[in-house]
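Reading through the structure tokens given below for one structure.
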Amino acid sequence: MSALATEGEAAAPRATLAVRDAARGSVFRELPTDDPTAVAEAAARARAAQPAWAALSVKERLGVLAAARRELVRGRAAVLDALAAETGKPRVDVVGELLGICLELRALSKKAARWLSRERVSARPFVGKRGYVLYKPRGLVGVLGPWNAPLHLTFVDAFPALVAGNAVIVKPSEVTPVAVYEAVLALNRVLPPGILQVVVGGPDVGAAVVDHVDLVCVTGSSATGRRVMERAARRLTPVLLELGGNDPMIVLADADLDRAARAAAWGGCLMTGQVCMSVERVYVEEAVAEPFTRKLEAELARLRFGADDGSREVDFGPFIGPRQIEIVERHVADAVERGARVVLGGKRAASATGVYFPPTLLTGVRADMAIMREETFGPVIPVQVVKDAFEAIRHANDCEHGLSASVGTRDLARGLALAERIESGSVWVNECVLVAAVPALPFGGLKQSGVGTRHGGAEGLRQFCVRQAVFADRTGLKREWSWFPYSTRRARLLDALLHHVFGR
């Protein structure tokens, strides 16, 4: 339910947020908006409900969440239709978002109970003692979602937070809030009241969420991450930040060029290039630069863009809005002015409705161009020729971001060795993007690309917990040797022990 009222309660008239269809430009839905006061009320409801949720066993919580997931999938039409309209993405990508969060919850269901159980650890150097680590929920988790994959990137944080016993408040992007709103409504037909809530609004609502939670998860730009981190620091609230990227692909001379070209085309143009781990820049060894570029041009030329209205097949859709395409145009113009060549595309497509940019290939780029140094977030692939792998690694690491990277080579051992030298949270060898869909692998960034990770097995789930140390005596003795009263004899014994163990 929304943050202000549950069904049957009277509520004062609220302002509304008009949400636009990305492909057509028209308003397709209006949602009631919240304000900081509403967020505070939502937080109070969440804190009242959370202890009972945390008191359930992990298996009991997973059972409730599985039933809620079934309700979501059964009522998926409203969610998927809204997601397609507000993002403009093809149906394949839209369904893929829902599938991804369902797989995430299924993966957690297999091992979460073990990962969150009391863990016995060594009590050394003491004897007759027991040491334990408990994984307790933090309490209230806030999730600030992005506009590019709003459903997946919201619930990939919300679901593990719920599994760990937390209550959750999600605040979707004001650009694409409807699918998340509808998903929360569906899930709340099963979940206990107050455990999962959604608040709708602009930056003031997001700031209020940060002010009221015990952990905040953010997916967004590096600038957004810095603002959230600064605000969270006022209360020393921990943060998980998955931020922007400027992700390099390295194509070595021994690579399968057909596979590398197809990976670059998909990785660069998936979701109109509006993906944090998309292929943003390509470094190809000189020996294969010409054939690789020809193959990449052919792959890009095959791509179909437009509105996925069911009348034709589409690979990617419109931009989320004019502001994002202006960044792409600025980067392309800067590159061309400084000597780059447009091999394919390069200009926005004429359209009476949505904002479209065709697949674009640039050659003759240099490392100092904006398109190689900044996140473009569009279906543009700049290709820079390098002498060897060492030069490629140097360029790949010469960047303030460090989210993802990829290496193309037929020599797996060499690819893995090069992966270790790349400064990024994840590296794909002969692969592209899909690491984010593997729950057992951590996904996060270095440098300006984020703080903390998603996924990663037990560690990924436990980040939604507070680790509590428990130290217990089993001897039943009346006193400990370390307790009062002290004596000079005890000091001499400790000094002798220090010398015997560490001084010889």
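List every residue pair whose Cβ atoms sit under 7 Å apart, with the two residues 6 or more apart in sequence or on different chains, where the first one lies in the range 89-114 and is closer than 14 Å to ARG70 by Cα and the second, anywhere, is of a type in the set (Lys, Arg).
The qualifying pairs are LEU98/ARG76; CYS102/ARG69; LEU105/ARG69.
Can you give me the number of residues within the range 264-305 that are closer than 30 Å to LEU241 by Cα, part of a helix (DSSP H, G or I) and not aromatic (Phe, Trp, Tyr)? Steps first, please.
From the range 264-305, those closer than 30 Å to LEU241 by Cα are 264-283; that's our starting set.
Restricting the remaining residues to those that are part of a helix (DSSP H, G or I) gives 264-273.
If we keep only those that are not aromatic (Phe, Trp, Tyr) as well, we get 264-265, 267-273.
Here the count works out to 9.
Could you tell me whether the range 79-90 includes any residue that is modelled with pLDDT under 95 and out of contact with any strand residue (DSSP E or B) (no Cβ under 9 Å at 6 or more places or on another chain)?
Let us first name the residues in the range 79-90 that are modelled with pLDDT under 95, namely none.
Within the range 79-90 (the criterion being modelled with pLDDT under 95 and out of contact with any strand residue (DSSP E or B) (no Cβ under 9 Å at 6 or more places or on another chain)), the answer is no, since none of the residues qualifies.
Collect the residues in the range 143-177 that are within 18 Å of PHE319 (Cα to Cα), more than 15 Å from the chain's Cα centre (by Cα) and either surrounded by fewer than 24 Cβ atoms within 10 Å (Cβ to Cβ) or not assigned by TED's automatic domain parsing to the domain that holds LEU65 (or both), keeping them in residue-number order.
Listed by number, the residues that qualify are GLU174, VAL175.
Pull up the range 23-79, narrow it to residues that are polar (S, T, N, Q) and part of a helix (DSSP H, G or I), then point me to the one that is surrounded by the fewest Cβ atoms within 10 Å (Cβ to Cβ).
Across the range 23-79, the extreme among qualifying residues is THR37.
How many residues does the range 208-235 contain that are part of a loop (DSSP other than H, G, I, E, B), closer than 11 Å to GLY450 by Cβ and not small (Gly, Ala, Ser)?
The total comes to 0.
Out of (1) under 22 Å from ALA265 (Cα atoms); (2) out of contact with any Leu (no Cβ under 8 Å at 6 or more places or on another chain), the odd one out for VAL407 is which?
So VAL407 meets the others, but not (2).
Out of all the residues in the range 469-484, which are closer than 16 Å to ALA123 by Cβ and not in a strand (DSSP E or B)?
Start the filter on the range 469-484 by keeping residues that are closer than 16 Å to ALA123 by Cβ, which leaves 469-477, 480-482.
Across the range 469-484, the qualifying residues are ARG474, THR475, GLY476, LEU477, GLU480, TRP481, SER482.
Name the pairs whose Cβ atoms lie under 8 Å apart, with the first residue in the range 308-319 and in contact (Cβ under 8 Å) with a residue 60 or more places away in the chain, the second among the aromatic types (Phe, Trp, Tyr) and in a loop (DSSP other than H, G, I, E, B), and 6 or more positions between them or separate chains?
Pairs found: PHE319/PHE357.
Could you give every pair whose Cβ atoms fall below 9 Å, whose first residue belongs to the range 242-257 and is in contact (Cβ under 8 Å) with a residue 24 or more places away in the chain and among the polar types (S, T, N, Q), and whose second residue is assigned to a loop (DSSP other than H, G, I, E, B) and buried (at least 24 other Cβ atoms within 10 Å of the Cβ), counting only separations of at least 6 or pairs across chains?
Hits for this filter: ASN246/GLU375; ASN246/THR376; ASN246/CYS399; ASN246/LEU403; ASN246/SER449.
Taking the range 296-305 on its own, how many of its residues are in contact with a Leu (Cβ under 7 Å, 6 or more places away or on another chain) and buried (at least 18 other Cβ atoms within 10 Å of the Cβ)? Even if it seems obvious, please write down each step before you answer.
Quick first cut of the range 296-305, residues in contact with a Leu (Cβ under 7 Å, 6 or more places away or on another chain) only: 296-297, 300-301.
So of that shortlist, the ones also buried (at least 18 other Cβ atoms within 10 Å of the Cβ) come out as 296-297, 300.
Looking only at that region, the number is 3.
Applying the selection to the range 456-498, what residues are basic (Lys, Arg), surrounded by 12 or more Cβ atoms within 10 Å (Cβ to Cβ) and without any contact (Cβ under 8 Å) to a residue 24 or more places away in the chain? Outline the logic, then answer.
Of the range 456-498, the ones basic (Lys, Arg) are 462, 467, 474, 478-479, 489-490, 492.
Within this subset, residues satisfying the condition of being surrounded by 12 or more Cβ atoms within 10 Å (Cβ to Cβ) are 462, 490.
Passing the criteria: only ARG490.
For residues that are among the polar types (S, T, N, Q) and either assigned to a helix (DSSP H, G or I) or out of contact with any helix residue (DSSP H, G or I) (no Cβ under 7 Å at 6 or more places or on another chain) (or both), scanning just the range 306-364, find the one that is surrounded by the fewest Cβ atoms within 10 Å (Cβ to Cβ). Write out each step before concluding.
From the range 306-364, those among the polar types (S, T, N, Q) are 311, 324, 351, 353, 360, 363; that's our starting set.
Checking the rest, the ones that are also either assigned to a helix (DSSP H, G or I) or out of contact with any helix residue (DSSP H, G or I) (no Cβ under 7 Å at 6 or more places or on another chain) (or both) come to 311, 324, 351, 353.
Numbers: SER311: 8, GLN324: 20, SER351: 14, THR353: 14.
Among residues in the range 306-364 that are among the polar types (S, T, N, Q) and either assigned to a helix (DSSP H, G or I) or out of contact with any helix residue (DSSP H, G or I) (no Cβ under 7 Å at 6 or more places or on another chain) (or both), the one surrounded by the fewest Cβ atoms within 10 Å (Cβ to Cβ) is SER311.
Select from the range 432-445 the residues that are of a type outside the set (Gly, Ala, Ser) and surrounded by fewer than 16 Cβ atoms within 10 Å (Cβ to Cβ) and write down the one among them that is modelled with the highest pLDDT.
Just the residues of the range 432-445 that are of a type outside the set (Gly, Ala, Ser), to begin with: 432-435, 438-439, 441-443.
Then drop every residue that is not surrounded by fewer than 16 Cβ atoms within 10 Å (Cβ to Cβ), which leaves 434, 438.
Details: LEU434: 87, VAL438: 92.
Among those that are of a type outside the set (Gly, Ala, Ser) and surrounded by fewer than 16 Cβ atoms within 10 Å (Cβ to Cβ), it is VAL438.
Which ones in the range 371-399 are surrounded by fewer than 17 Cβ atoms within 10 Å (Cβ to Cβ) and either free of Cβ contacts under 8 Å to residues at least 60 places away in the same chain or of a type in the set (Val, Ile, Thr) (or both)?
Listed by number, the residues that qualify are PHE390, ARG394, ASN397, ASP398.
Starting from the range 269-293, keep only residues that are assigned by TED's automatic domain parsing to the domain that holds TYR356, then list their pairs with residues that are basic (Lys, Arg) whose Cβ atoms are within a distance under 6 Å, requiring at least 6 positions of separation or different chains.
MET271/LYS89; GLU286/LYS387
The values are calculated or read from the model by the stated rules, or taken from the named source; none is laboratory data. Fair warning: this is a prediction, and the values are worked out from it, not measured in the lab. As a convention, Cβ positions derive from the backbone with ideal geometry for all residues, glycine included, and neighbour counts pool all protein chains shown.
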